[in-house]
Number of protein chains: 2
Amino acid sequence: MTGSQASPARYALHYWPSIPGRGELVRLALEEAGASYDDVARRPAAEGAGVPVMLRVLRGELGGLRPLAPPVLVDGELVLAQAACILDHLATQHDLVAPGPRARLEALQLQLTVADLIGEAHDTHHPIGVSLHYEEQQPEAARRAALFVRERAPKFLGYLEDVLARGGGMHLVAARFSYVELSVAHVLDGLAYAFPRAFEGWRESIPGLLALRERTWARPRVAAYLASPRRLPFSEHGIFRRYPELDVDPG
Amino acid sequence: MTGSQASPARYALHYWPSIPGRGELVRLALEEAGASYDDVARRPAAEGAGVPVMLRVLRGELGGLRPLAPPVLVDGELVLAQAACILDHLATQHDLVAPGPRARLEALQLQLTVADLIGEAHDTHHPIGVSLHYEEQQPEAARRAALFVRERAPKFLGYLEDVLARGGGMHLVAARFSYVELSVAHVLDGLAYAFPRAFEGWRESIPGLLALRERTWARPRVAAYLASPRRLPFSEHGIFRRYPELDVDPG
């Protein structure tokens, strides 16, 4: 999708074409790195691309380790799933984390905590099962969302704000930019989309994170990406969904 | 807890002292490695150990990156949380995965998928919130557990069985032992404890995984650990809880 279209892309990314989802965590890192990648499922089936190719990857027809779910990144013989695992790989390839094992591990640890937050945000609208529609689990969603807004989201956000402050306020890992900041900025956008009322209540306790998001979105390649048609909008089909009945007063 | 008690342990592990939980994934790797570790929260407060020390670690009073939740492994200046991140580190230190980036990444990917399965197993009894008792979310738990037993667990188990078969049937990653096998064996034990009736239904579709578990539990250091008082039993306070009303017919 980006980089030189004349030469074949280094990476193939496979993810649902109509939602940001967990694929967006990978896309943001690829864009920041200026890496050439083919966002396969977003190209038409007539070009030998599209969702059918992604489904073939998920059936293990591409060789390598069969993935259970997208996003999947293919880098030569490597077929990687799990966003945090893909990011760990991209980070070492594209200087998206400070060199050395300690920074790599700290970034992985934080990314996994961000992944936990994303999972809990998702489960506010799907507390019973992913095979059911939201409307089939609405009362349960309301109960879970209230606890998310009042307890869980503040816990995660307060933790990340504290990690940022302990690191000097500018960066989360090793006093320099890392891919984790892209994911944190995206999650803040997602939470603000899904829970605009609650987010207003959370704002005053996360000044550092809000400034981090601003700096992150101002990075030249990232800013260009956000302004491009490659950036997909949030909607009520993804992880972060705006259901006003779940957006309660954070109290 | 293990290894030479005369010299200081290389690692400090901090985890709740009364449940296997996610700490067990780390413990199994430490035991297989024959590493010396201090299971801090399981030693008495009178020795300057116990849960209060773990809580200090969680408040970030130990330096390093503050963790959000246990398990936490301290290795010199490294303070690591998130079981999959800790295991990624231990693997490279103790040959718990084949050398090279590909095997490390594939193990990480599988471990994160196992972590997703563990999370979903936990949420069968806590679908609404971790701050509520099971009894406060029992009807919701029954709905979620039925979908877990009939859809989610079979999906994860079928996936792992397929990965094993594709790799030749003996190992999950790089045709040799890796720490992921310890976690998979433990999760099978946990599922059999929590869902004995459903597990009987799952058995016939996972012959490879059941044999893998048997081989894993027969590894000398692991077998010695399982027979020791260091191994904590499952109970209704951990991730895998036996609530007969959730253990439905897998259909």
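The values are calculated or read from the model by the stated rules, or taken from the named source; none is laboratory data. Please read all numbers here as calculations on a predicted model, not as lab measurements. Ideal geometry is used to build each Cβ from the backbone, glycine not excepted, and the neighbour counts take in all protein chains shown. These area figures cover heavy atoms from the full protein model, side chains too; ligands, DNA and RNA do not enter into them. Shrake-Rupley method; radii C 1.70, N 1.55, O 1.52, S 1.80 Å.
Things worth noting here:
- 7 Å along Cα→Cβ, label-point gaps from B:E236 to other copies, nm, shortest first: 4.0
- Each other residue within a Cβ distance under 11 Å of B:A115 adds +1 if Lys or Arg and -1 if Asp or Glu, for a net charge of -2.
- Partner shielding of A:237-249 amounts to 0, given as the average count of beta-carbon atoms from other chains within 10 Å of each residue beta-carbon.
- Chain B, relative contact order in percent, only Cα pairs under 8 angstrom and at least six apart counted: 20 percent
- Calculated on the alpha-carbon coordinates, the convex hull of the stretch B:1-94 measures out at 90 cubic angstrom per residue.
- When nucleic acids and ligands are ignored and a 1.4 Å probe is applied, B:M170 ends up with an accessible area of around 100 Å².
- Counting Cβ atoms of other protein chains within 10 Å of each Cβ in B:121-131 and taking the mean gives 4.
- Within-14-Å neighbourhood charge of B:A83 [Cβ basis; K, R +1; D, E -1]: -2
- Net +/- balance of residues flanking B:E161 in space, Cβ distance below 14 Å, scoring K and R +1, D and E -1: +2
- Chain B: antiparallel DSSP beta bridges as a percent of all, rounded to 5: 75 percent
- Surface accessible to a 1.4 Å probe, B:W202 within the full protein complex, Å²: 10 Å²
- Cα shape, the stretch B:82-209, gyration tensor, a/c 1.5 rule: oblate
- Kirkwood-Stokes translational diffusion coefficient of chain B, alpha-carbon pairs, 20 °C, 1.002 mPa s, µm²/s: 114 µm²/s
- Computed accessible area, A:R215, all protein chains, 1.4 angstrom probe, square angstrom: 80 Å²
- Label distances, nm, A:T92 versus same residue in remaining copies, Cβ-directed 7 Å point: 0.6
- Comment: the Cα-to-Cβ extended label point of B:E214, at 7 Å, lies 6.4 nm from its counterparts in the other copies, nearest first.
- For the stretch B:133-150, residues shielded by at least 10 square angstrom of accessible area compared with the chain on its own, probe 1.4 Å: B:E136, B:E140, B:R143, B:R144, B:L147
- For B:E47, B:E24, the ranking by accessible surface with the largest value first comes to B:E47, B:E24, using a 1.4 Å probe.
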